[in-house]
Every structure is written in structure tokens, then in C-alpha cells.
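Peer 1: Next up is a structure, given as C-alpha cells.
The values are calculated or read from the model by the stated rules, or taken from the named source; none is laboratory data. It should be emphasised that the depicted structure is a prediction, and the values quoted were computed from it without experimental measurement. Don't worry about glycine lacking a Cβ; one is built from the backbone with ideal geometry, like all the others, and counts go over all protein chains shown.
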Amino acid sequence: MASALPVAEITQQLASSHQEKVEDATPVELLDIPGYEHDLSWSIHEERVAIRKVDLCILTFIVLLFTFMQFDRTNISAALTDTLRTDINVNTAQINTAQTLFILGFILTEIPFNIITKKIGAEVWLPITMFLWGVCTWSQIFMKNASGLFALRFFIGAMEGGYIPGMALYISRYYTNPELGLRFALFWASNAVAGSLSGPLSLGLLSLNGTHGLKGWQWLFLIEGAITCFLAVVAYLYLPHSAPKPKSFFGHSWNIFTEREAAILTTRVLRDDATKGLTQGKSVQVQDLKDTFLDWKVYGHVVSAFLSMLMIYPINTYAPSLIKSLGFGGYNANGLNSVGSVVSLIISISIAWNSDRTQERGFHIAVGFCIGIAGLLWTALAPVNSSKWVVYGGIVLTQAGMGSTQALNAAWLSSVVDDRKRPIALAMYVMGIQLAGFPGNQLFRQQDAPRYSRGLIIAAACAAAGAVIVLVWKGLYSSLKKRQDRDTANVAESAQSVESGWEEKRLNNPSTAGRDGTLAVSPIKARTNLWRLGSTAVASISITTLAIILARVCDCAGVSIVGVDAADHSTVDGDDIVKDEVARAAISAAVAAASSNLAVVVGVKVLHRDRSAAVELDDLVLGLERTSSVDVGRAARLLEGAATG
């Protein structure tokens with residue numbers, strides 16, 4: 001006969017295993033993930049050391065890769081300050097067409113390449129595509145006419161598709177969501193790094209004009225494309241599959257991280273966001289695509305990115321030429337074009353750092369947009385007789401603001417969707433930025449040269465609309481959070497109000513009360529279907545009905561469920577019970593008493609899955625805790641001891 005154990009003692013012991021670190025308990029599916037350790041603890045110093053190693057050994061290298069991606073996609077602007085136009089006989093309209101084809105290729109492969117990335121890993125797929133666009137980059141030295149320019153720009157864009165969201169997803173595996181704002185900003189800062197370095201680098205490469213019979217622009221494409229191919233090979237060999245899992249070649253491997261560092265990095269990320277583990281190594285499903293496309297949250301980020309980035313393609317393409325038209329020489333124009341990128345780097349990292357510090361996104365993103373708007377209007381509306389340095393100041397401010405908070409917007413999007421949606425959501429986000437190139441490349445018309453005021457004003461108006469959308473979405477998220485908090489509070493209040501009623505029923509029921517008035521833990525053992533449990537429970541006693549209702553409306557607290565077989569008093573093992581359909585139903589449902597420690601006795605008849613026979617689940621004990629996690633094994637051992645004591 002099972003001995004009685006006071007309810008208060010049960011719930012107190014259940015809660016004690018989580019008091020120091022409630023996030024220690026995570027879904028059982030995470031236990032099979034390499035590097036994840038359920039009971040792992042670490043010091044603040046160890047955590048900082050591990051994160052800094054990711055910053056220096058992983059993130060810095062990825063920034064270098066992204067920098068050369070930016071070189072390869074924007075070096076045509078430097079080539080235009082050389083003799084490219086006359087050598088292959090192209091005009092402004094044909095250059096705009098080539099840039100439009102680049103964007104088309106980028107967009108066409110964005111989602112397909114990201115699906116491949118999700119399946120085989122960014123560390124495998126993206127170095128391959130990087131090598132291929134590097135080949136296309138140096139192949140531009142063979143261009144003879146507009147057709148060659150069109151074809152190669154299209155293929156460079158197509159091979160670069162999926163790179164940005166794929167690498168963003170890869171980075172997110174090493175950091176918690178609150179840390180992603182600054183890290184995404186550093187990743188996107190590759191734009192600014194490339195912009196600040198491309199001027200001096202282009203200056204040097206273009207000066208090779210005539211060496212070995214090649215033009216300056218040919219040397220530019222050749223050397224930058226060759227370096228890209230080299231870095232792609234290094235990336236394929238160097239980037240690990242994950243913190244605990246390095247790549248292995250010919251039976252040999254070398255890990256950047258120690259075993260403990262890998263465990264710390266993996267465990268802390270999964271405790272912050274378990275969905276990163278539950279979808280790890282899984283393919284994108286059709287349902288994931290559908291759910292992402294139907295998620296309203298995604299579109300505010302995508303549309304705001306589209307509107308704010310209309311400026312980036314014309315500025316990237318024509319800024320050196322625009323600076324040159326102010327009276328600066330061709331070489332000086334390329335050098336001066338780097339200043340705006342340096343300022344952009346400082347602004348983007350500063351805004352992202354403060355955003356992570358304050359955990360606020362919307363206002364910070366809008367500030368970045370407004371900096372770009374100010375620069376566009378400054379450049380467009382400066383008097384005709386203004387000093388060239390005045391107009392140049394507007395160009396620098398435009399370059400400093402454009403794209404300065406796109407990384408922050410991406411981090412914001414990543415934090416509001418779960419991991420199965422992230423690959424597609426981030427791909428859609430980057431597609432929004434690239435789609436801006438279609439109208440953006442048409443903003444600067446030949447007849448508007450050299451100031452292009454009309455296009456600059458249109459871009460400023462669109463960026464202002466993007467800032468408005470960001471602020472509207474901030475308001476929507478704030479309202480949604482308040483509503484969720486209010487609903488949670490209402491559920492907790494309802495649970496507390498029925499607690500006294502449940503306790504009275506328990507004590508007044510002689511079949512469930514021990515001699516000393518404490519709860520006698522009766523045994524259970526049944527495997528049921530979750531939906532059958534919900535449907536048959538309606539016919540059970542009123543307390544069961546209450547529990548099932550609460551099961552449908554609550555999803556944020558934890559439950560521990562264990563038992564013993566009613567016939568032979570054999571115990572249900574903690575590892576088995578978590579696989580039990582009843583346990584799953586209880587775990588997802590019994591968050592009703594999140595505001596109090598409560599044990600409830602429920603009598604319910606359900607259909608046994610195997611025999612399709614009615615089985616009495618007598619005295620189902622739900623141990624409800626104040627945490628959002630569950631330690632089923634711990635609960636099993638406690639109640640097993642109570643039953644056999």
C-alpha cells in the first residue's frame with residue numbers, strides 16, 4: 001500500500017530542483033543535441049571567454065567573407081571611374097540594366113539557396129556558392145560588350161543569393177537572441193568595411209592600368225575575384241558545423257573550442273531559445289513556408305527594409321561618379337567615397353550596441369533611417385552654387401545612414417519568429433532589400449545628372465515611409481505583449497480561485513486522503529492519445545473538465561507527472577513517462593496554477609491506445625510549479641519514493 005506524502009512537501013521538493021536556474025530543465029528532445037548538457041552550470045568568466053572566442057574566431061572571419069562579397073557586388077562602381085564604359089561600349093541605361101539583372105539573380109536564388117543552407121548547413125553550402133561567384137567576378141576581365149556584362153552580373157547575383165540570411169542563421173546558433181542585435185550589426189557592418197576599404201583598394205588596383213596588357217578595371221575584377229575564391233576554400237575547411245562539432249577531413253579534425261566551451265555555448269543558446277535545437281538539422285517543410293508567408297509580423301520588417309533601401313543601389317553605383325562630378329579627380333573620388341562608409345560603421349555599431357543594452361529596437365531603427373533621409377535631402381536640396389565640400393557632406397551623411405540599422409531590423413525580425421520560420425523570414429527580409437534595387441536603379445536618370453535631385457528626394461520620401469512602418473510595428477508588438485501579459489494574469493487568477501475548491505474536494509474524499517489528511521499517491525500507468533484524452537475527459541467529473549479547459553488555454557508553466565501501475569504497483573520510469581501521451585498532455589496543459597504550488601487529484605476514464613479499453617486513471621497527480629520548465633525524472637523519483645516508502 002502506498003504511503004502518504006504531504007502535498008506541500010511534494011511541490012516543495014519538485015520546485016527546489018529549479019530554484020537556482022529554472023532554465024536548466026528543457027524539452028527532452030534537446031538531450032540528443034551534441035554539446036547540450038541539461039545540468040551544466042558555469043561562471044560568468046567562462047561564459048565571457050567562450051563568447052569572445054566566437055566573436056574573434058567565427059564572427060570576425062564571417063565579416064571578412066562578407067566584406068569580399070561586398071567588393072564583388074559593388075566594384076563595378078569603381079570600374080566606372082576607369083575606362084570600363086568606353087572599353088565595352090555601355091551607357092548609363094545598360095549599366096542600370098546590368099544591375100537590375102544582378103538583383104534578379106539574387107532574388108531568384110534567395111529562398112531556394114536558403115532552404116539548401118538549412119538542410120546541409122551554411123558552413124558547407126555557402127563557401128561553395130562563394131567560390132562560384134568569385135569565378136564569375138574575375139571572369140569579368142573577358143567582357144567585350146553589354147551582353148557579357150549582363151550575363152556575368154546576373155550570375156554573380158544568383159550565386160550570392162541566400163548568403164546573407166544563411167550566414168545570419170549560422171551566427172544565431174552561437175548567440176542568444178538578446179545578443180544578436182550587435183552581432184548582426186557587426187555582420188552587416190561588412191558593407192561599411194567594404195565601402196571604407198574599397199576606395200583605397202580600387203585606387204591601387206586601378207593604378208595597375210597597362211600592366212601586362214590589362215586595363216585597370218580588369219586588374220580590379222581579377223584580383224578581387226581571385227581572393228574571393230581563396231577565402232571560399234578556407235571557409236569550407238575552417239568553419240565548424242557547430243560549436244561542439246568541427247569538420248573532419250581524412251579522419252582528422254580540429255575544434256576551435258574546448259569541450260567545455262562548446263557545451264557552454266550550446267547549452268546557453270538552447271536555454272534562451274529551445275526552438276534552435278528542436279529544428280536543428282531539419283529541412284524546411286512546406287508547412288513552414290506557408291506559416292511564414294502568412295505571418296503578418298514578417299511583412300512590416302520586409303516592407304520597411306524595401307522602402308528604406310531604395311537609396312542604396314543608386315548611391316553604391318553612382319557615388320564615386322557623383323563625387324567626381326563635384327570637381328574631384330577620379331582617384332580622389334574613389335578615396336573620398338570611403339569616408340561615408342567609415343562613418344556608417346561607427347553609427348551602425350553604436351546604435352546596435354545601445355539597442356542591445358536597452359533591449360529596444362523600433363526607435364533605434366527609425367533613427368538610422370532618419371540619418372539617411374537627412375543626407376538625401378541635404379544632397380538634393382543644397383543650392384547649385386554650394387561649395388563642393390558642402391554637397392560632399394550630404395553624400396557622406398547619406399552613406400552613413402543608409403543601411404545603418406538594417407542588421408538591427410533583421411535581429412528584431414529573428415526574435416519575433418520561431419526557428420522553423422527564421423530561414424524563410426530572413427530570406428524574405430533580404431529579398432525585400434534586394435527588390436528595392438529594381439526601382440532604385442531607375443531613380444537616377446541621365447537627364448538628372450549630375451546632382452540627381454529628383455531621385456534623391458523620392459528615395460528620402462520612401463525612407464520616411466519605412467520609418468513610419470517601423471514605429472507602427474513597434475506599437476503593434478507592444479499592444480500584443482500587453483494583451484498576452486493580461487491573458488496570462490487572468491489565467492493565473494482563475495487558477496488561484498479554484499485552488500481552494502480543489503483542496504477541499506481532495507481532503508473530503510476518503511478514497512484519496514491518508515489517515516493524517518495528506519494525499520495518498522495512487523498509481524497510474526496508461527499511454528493515451530492527446531486528443532482522445534481531451535474528448536473523453538468531458539464525460540468525467542467536473543474537476544477533470546476544469547483541468548482540460550485549463551489545458552487548452554494555458555501554455556507557459558510546467559508540470560511534473562509520474563505514477564505507478566494500479567494493478568501491481570510497479571513504478572513508471574521518469575524517462576518513459578515523458579514519452580507518455582498523458583504526460584505530454586499534462587505538460588502542455590497544466591500551467592493553470594503558475595502563480596502557486598499546487599497538487600491536484602483528478603479521476604478520469606480514458607481509452608487505452610493499445611487495447612482500446614477503458615482504463616481508470618485514478619488520482620492523477622499534477623505537480624504545478626512557478627517555473628516554465630519541467631524535471632519529469634526528478635518528479636518520478638520523488639513520488640516513487642513516496643509510493644514505496
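Peer 1: Does Ala305 fit the bill of being more than 19 Å from the chain's Cα centre (by Cα), assigned by TED's automatic domain parsing to the domain that holds Ile365 and crowded, with 21+ Cβ neighbours inside 10 Å?
Peer 2: For Ala305, the condition - more than 19 Å from the chain's Cα centre (by Cα), assigned by TED's automatic domain parsing to the domain that holds Ile365 and crowded, with 21+ Cβ neighbours inside 10 Å - is not met.
Peer 1: Checking Tyr36 against (1) assigned by TED's automatic domain parsing to the domain that holds Ala168; (2) surrounded by 15 or more Cβ atoms within 10 Å (Cβ to Cβ); (3) within 30 Å of Leu237 (Cβ to Cβ): exactly one of these is not met. Which one?
Peer 2: (1)
Peer 1: Looking at the stretch 383-412, which of its residues are among the aliphatic types (A, V, I, L, M) and at pLDDT 85 or above?
Peer 2: Residues of the stretch 383-412 that are among the aliphatic types (A, V, I, L, M), as a first pass: 384, 390-391, 395-397, 400, 402, 407-408, 410-411.
Scanning the stretch 383-412 gives Val390, Val391, Ile395, Val396, Leu397, Ala400, Ala407, Leu408, Ala410, Ala411.
Peer 1: When you scan the stretch 39-50, how many residues do you find that are more than 16 Å from Tyr174 (Cα to Cα) and surrounded by 15 or more Cβ atoms within 10 Å (Cβ to Cβ)?
Peer 2: Going through the stretch 39-50 one residue at a time, the tally reaches 2.
Peer 1: Another one. Criterion first (closer than 19 Å to Met159 by Cα and either out of contact with any helix residue (DSSP H, G or I) (no Cβ under 9 Å at 6 or more places or on another chain) or surrounded by fewer than 18 Cβ atoms within 10 Å (Cβ to Cβ) (or both)) does Phe230 satisfy it?
Peer 2: Working: closer than 19 Å to Met159 by Cα: yes; either out of contact with any helix residue (DSSP H, G or I) (no Cβ under 9 Å at 6 or more places or on another chain) or surrounded by fewer than 18 Cβ atoms within 10 Å (Cβ to Cβ) (or both): yes.
Yes: the conditions hold for Phe230.
Peer 1: Tell me, which helices (runs of 4 or more DSSP H) lie completely within the stretch 143-232 with 3 or more residues that are within 30 Å of Thr275 (Cβ to Cβ)?
Peer 2: Those helices (runs of 4 or more DSSP H) span 163-172, 180-188.
Peer 1: Moving on to the next point. Just to be sure, is Gly251 in the same structural domain as Ser415 (by TED's automatic domain parsing) and within 24 Å of Leu408 (Cα to Cα)?
Peer 2: Working: in the same structural domain as Ser415 (by TED's automatic domain parsing): yes; within 24 Å of Leu408 (Cα to Cα): no.
It is false that Gly251 is in the same structural domain as Ser415 (by TED's automatic domain parsing) and within 24 Å of Leu408 (Cα to Cα).
Peer 1: Follow-up. Considering (1) touching a Pro at 6+ places or on another chain (Cβ under 8 Å); (2) assigned to a loop (DSSP other than H, G, I, E, B), say which one Ser283 fails and leave the rest.
Peer 2: Ser283 satisfies all of (1) touching a Pro at 6+ places or on another chain (Cβ under 8 Å); (2) assigned to a loop (DSSP other than H, G, I, E, B) except (1).
Peer 1: Return the residue satisfying two criteria in turn: it lies in the stretch 128-137 and is of a type outside the set (Gly, Ala, Ser) and buried (at least 21 other Cβ atoms within 10 Å of the Cβ), and of such residues it is nearest to Trp219 (Cα to Cα).
Peer 2: At the first step, the residues of the stretch 128-137 found to be of a type outside the set (Gly, Ala, Ser) are 128-133, 135-137.
Still in the list and also buried (at least 21 other Cβ atoms within 10 Å of the Cβ): 129-130, 133, 136-137.
Numbers: Thr129: 22, Met130: 20, Trp133: 17, Cys136: 14, Thr137: 11 Å.
Selected residue: Thr137.
Peer 1: Would you check if there is a residue in the stretch 89-112 being over 25 Å from Asn316 (Cα atoms), outside any loop (DSSP other than H, G, I, E, B) and modelled with pLDDT of 90 or more?
Peer 2: Yes, some residue in the stretch 89-112 is over 25 Å from Asn316 (Cα atoms), outside any loop (DSSP other than H, G, I, E, B) and modelled with pLDDT of 90 or more.
Peer 1: Does the stretch 228-250 contain any residue that is at pLDDT below 85 and closer than 29 Å to Leu397 by Cβ?
Peer 2: So far as the stretch 228-250 goes, no, none of its residues is at pLDDT below 85 and closer than 29 Å to Leu397 by Cβ.
Peer 1: Buried (at least 16 other Cβ atoms within 10 Å of the Cβ) and either at negative phi or touching a strand residue (DSSP E or B) at 6+ places or on another chain (Cβ under 9 Å) (or both): does that describe Ser248? If you could, list the steps in order and put the result at the bottom.
Peer 2: Details: buried (at least 16 other Cβ atoms within 10 Å of the Cβ): no; either at negative phi or touching a strand residue (DSSP E or B) at 6+ places or on another chain (Cβ under 9 Å) (or both): yes.
So Ser248 fails the test.
Peer 1: Report, ordered by the first and then the second residue, all pairs with beta carbons closer than 6 Å, sequence separation of six or more or different chains, a first member in the stretch 158-169 that is under 12 Å from Ser414 (Cα atoms), and a second member that is of a type in the set (A, V, I, L, M, F, W, C).
Peer 2: Pro165/Leu426; Pro165/Ala427; Pro165/Val430; Ala168/Leu426
Peer 1: Can you give me the number of residues within the stretch 286-339 that are within 25 Å of Asp82 (Cβ to Cβ) and either free of Cβ contacts under 8 Å to residues at least 12 places away in the same chain or of a type outside the set (Gly, Ala, Ser) (or both)? Walk me through it before giving the result.
Peer 2: First pass over the stretch 286-339, keeping only residues within 25 Å of Asp82 (Cβ to Cβ): 311-339.
From the residues that got through so far, the ones that are either free of Cβ contacts under 8 Å to residues at least 12 places away in the same chain or of a type outside the set (Gly, Ala, Ser) (or both) too are 311-318, 320, 322-324, 326, 328-329, 331-332, 334, 336-337, 339.
Going through the stretch 286-339 one residue at a time, the tally reaches 21.
Peer 1: Moving to a separate point now. Out of Asn145, Asn114, which single residue is surrounded by fewer than 22 Cβ atoms within 10 Å (Cβ to Cβ) and in the same structural domain as Val63 (by TED's automatic domain parsing)?
Peer 2: Exactly one residue qualifies, and that residue is Asn145.
Peer 1: Can you pull out every residue in the stretch 270-321 that is at pLDDT 85 or above and basic (Lys, Arg)?
Peer 2: Listed by number, the residues that qualify are Arg271, Lys290, Lys297.
Peer 1: Inside the stretch 53-79, can you point out the residues that are in contact with an Asp or Glu (Cβ under 8 Å, 6 or more places away or on another chain) and closer than 23 Å to Ser338 by Cβ?
Peer 2: Selection gives Phe68, Met69, Phe71, Asp72, Arg73, Asn75.
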